[in-house]
Amino acid sequence: MAELFDFIWVICVVMLLFGAAIFVHEFGHFWVALKRGLKVEEFAIGFGPIIWSREKDGILYSIRAIPAGGFVKLPQMLTSEAIEGKPTDGDDEGDDAEEGEVEQLPPVSPLSKILVAFAGPFMNVVFAFVIACVLWGVGVLKPASTTVVGHVGSREGEYSKVQPGDKIVEVDGNDITSWQNVTFSLIRHEGGKVPVTFERIENGSHENFTVNLKADKKGQRIKGLYLSPKQEMVVAEVGNKGYLSKIGFKSGDKIQSVDGQPAYSHHHFLSLLLTTTNEKQITVENEGLTRNLTFTPTDDAAVKVLEVPVPMLGAWDSFWTWIGWMDEEELPATPAMLAGIESGDLILQLNGGRITGTRHLIDRIRENGAEESKLLIRRGDENLTKIVTPRVNPETGSVQIGIALGDEPGIAFTPPRAVYQPANPTPNPLVQVGEVWDMITLTVGALTRSAETGVGAKDLSGPVGIFGMLSIQVKTDYRLALSFLVLLNINLAILNLLPVPVLDGGHILMSIIERIRNKPISLRIQEYATTVFAVALLSFMLYVTFFDIKERVPIFRELFSREATIQDSPAGK
């Protein structure tokens, strides 16, 4: 019951904050329209059917069912009924004009139209600065992510010189203070290689390596490095089966090191454990007490083949199979099937090197590409050698052999927690808005270079994604929610100023054309352009919403399960 009330409270706060951004935008239009002497028929928050309304001084104030926008109905300016909907039976109550009469309204000057259209985005910018001033007083939270490397996913080129524990200090000439900075610097970078400066774990010296970027051949993945950040490893559960289940782990154990060497991630921990067959000492800490656990690798400490075959289908093959027009038995044999690999096999080695986990095996197969590889597997009581030749998926560029893999260590780790710290110093409102502007220009630049960056329209968030992210921020800390609201208002202002009919920028553009021509644009042309772009805009919103629902479901799971830590010590020291 408490969780239900918590959910209701979060949703109410989100609706209030999102509605505030819409309200100030529409109030800008409304206030300037009245000041410029325009007739206002309706001030509405939301679209679609009216769920509440009240008329005062000839103006209908309403709240509509779809809380994804709003409008001010101005008969002297072109309205977008394609989105707003035509007046319902109750909308016309109180009209001063008698039935059959049409009220004749004076024309509006282009300057008035421009001022009214511009007032909405301007109010969003003002509102963003007001919120930024509040944050300047109460403090701004920043992710406390580390730039220490936890796992190196490649041994190719200069990646072979990078070690877990090394710290990224610069990418492409940009100073790096968080892993988010790494991602942003890579998106801005042009080319398939990037210079990265590391602070070496051995002696603290700085070394510069030029490494390959991680991206699909078809540009379907956002660019990154074959590196992942340091992780905190806390045991959540100890199972009954698995090669680590019987050596003394307890819930709450925090893994520190293996044979005195610090472990920086799950993959690094398994690598330290399983690269050799020697006895290992695992150091853990729990409630301030440290103890050592002894572990000796055996053949059971290996990657297990869960399923063979796993069909290697292209997008169209998957579609035809799904609708029943292609029988899976007609599909070609996978490399794993041709090599004789079976479900239940344990993969011990690849090309003579021990395999320490599924991620390790996948990384090594990817590096070998389509070259023939030798697998040492254990089946029952005997060891077998299997030769497998991977295939490269022509659609994604990924290397596949057609098996499902799994680790059985016998312990499960707690999910990573989000950690935030107060920014030090607290950025002033201009800096906060400047950071938002940088993020927007980064996104636009990434979209214009989509084939290279991997960022596409599907990666944008519509109302569903915005509601989800804002909900998480509200549940975590009010300062995060306010920071998100600054971003939202600046985004609304910029989006609405685009010179597209149906948006405020479109009204401004048409008014400028009217002023240059010294006569209004044909009403038929305005209505046609507005309708076409309204349909295009709604279609785009549906497209983005589809991916919001399809790919961002975890956002809503996090609303109930996500745990975050707010640290008192400021970031930036």
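Counted by neighbouring Cβ atoms within 10 Å, the residues PHE30, PHE540, PHE413 run from fewest to most as PHE540, PHE413, PHE30. Listed by Cβ neighbour count within 10 Å, with the fewest neighbours leading, HIS267, HIS189, HIS206 appear as HIS206, HIS189, HIS267. Along the charge dipole of the chain, Cβ charges K/R +1 and D/E -1, which of ILE222, PHE546, MET77 sits furthest on the positive end? It is ILE222. In a reduced charge model with +1 at each Lys and Arg Cβ and -1 at each Asp and Glu Cβ, region 483-556 shows a dipole moment near 220 debye about its Cα centre. Rounded to the nearest 0.05, the FRET efficiency derived from the C-beta distance between PHE540 and TYR478 at R0 = 45 Å is 0.90. Placing one equal scatterer on every Cα of region 149-229 and applying the Debye formula, the log10 ratio I(q)/I(0) at q = 0.11, 0.12 Å⁻¹ is -0.25, -0.30.
Considering helices alone, the calculated mean residue ellipticity of the chain at 222 nm is -12500 deg cm²/dmol, with DSSP H runs of length four and up weighted by -39500 (n - 2.57) and normalised per residue. Each Lys and Arg Cβ is given +1 and each Asp and Glu Cβ -1; about its Cα centre, region 240-306 then shows a dipole of about 180 debye.
Comparing Cα centroids, region 340-396 and region 504-544 end up 58 angstrom apart. Relative to the longest principal axis of the Cα atoms of the chain, helix 2-35 runs at roughly 40 degrees.
With neighbour counts taken as other beta-carbon atoms within 10 Å, the residues ILE187, ILE549, ILE403 rank, fewest first, as ILE549, ILE187, ILE403.
Basic side chains Lys and Arg get +1 at the Cβ, acidic Asp and Glu get -1 at the Cβ, and with that the dipole of the chain about its Cα centre reaches some 1500 debye. Distance distribution note for region 400-528: the fraction of Cα pairs above 19 angstrom is 71%. Close amide H pairs (under 5 Å, H built 1.01 Å from N) link ILE176 with GLU170, VAL171, residues at least 5 positions away or on another chain. Each label was represented as a point 7 Å from its Cα along the Cα-to-Cβ direction; for THR277 and THR443 these points are 5.5 nm apart. Distances between placed amide hydrogens fall under 5 Å for LYS39 paired with GLN76, all partners being 5 or more residues away or on another chain. Gyration tensor over the Cα atoms of the chain: the corresponding equivalent ellipsoid has semi-axes (square roots of 5 times the eigenvalues, largest first) of 55, 28, 23 Å. Within the shell of other residues whose beta carbon sits under 9 angstrom from the beta carbon of ASP253, the net charge comes to +2, with Lys and Arg scored +1 and Asp and Glu -1.
Between ALA370 and LYS246, residue separation times 0.36 nm minus the direct Cα-Cα distance comes to 40.7 nm.
In degrees from 0 to 90, rounded to the nearest 10, what is the angle of the helix 523-551 Cα long axis to the longest principal axis of the chain? Tilt relative to the chain: about 30 degrees. Between SER145, TYR61, ILE45, the Cα set farthest toward the positive side of the dipole of the chain (charges on each charged residue's Cβ, about the Cα centre) is that of SER145. Against the chain, whose longest principal axis comes from its Cα atoms, helix 429-448 is set at around 70 degrees. Residue-wise HN-Hα couplings along region 273-284, as the Karplus relation 6.51 cos²θ - 1.76 cosθ + 1.60 with θ = phi - 60° gives them from phi, are 6, 10, 4, 10, 9, 6, 5, 10, 10, 9, 9, 10 Hz; Gly and Pro carry x. Note on ASP259 and ASN174: with the Förster distance fixed at 45 Å, the Cβ-Cβ geometry gives a FRET efficiency of about 0.80. Full extension of the chain between ALA404 and LYS56 yields a length gain of 118.7 nm, computed as 0.36 nm times the residue separation minus the alpha carbon distance.
Among LYS167/LYS254; LYS167/LYS304; LYS246/LYS386; LYS142/LYS475, which pairs are too far apart, with a Cα-Cα distance over 27 Å? In this structure, LYS167/LYS304; LYS246/LYS386 exceed 27 Å between Cα atoms. Once the C-beta distance of GLU435 and HIS206 is scaled by a Förster radius of 30 Å, the resulting FRET efficiency is 0.70 to the nearest 0.05. Remark: the ILE549-GLN163 segment gains 135.2 nm on full extension, using 0.36 nm per residue and subtracting the alpha carbon distance.
Taken together, the values in this text are just the output of simple stated rules run on the coordinates, not laboratory data. Keep in mind that this is a model prediction, so the values were computed, not measured. As a convention, Cβ positions derive from the backbone with ideal geometry for all residues, glycine included, and neighbour counts pool all protein chains shown.
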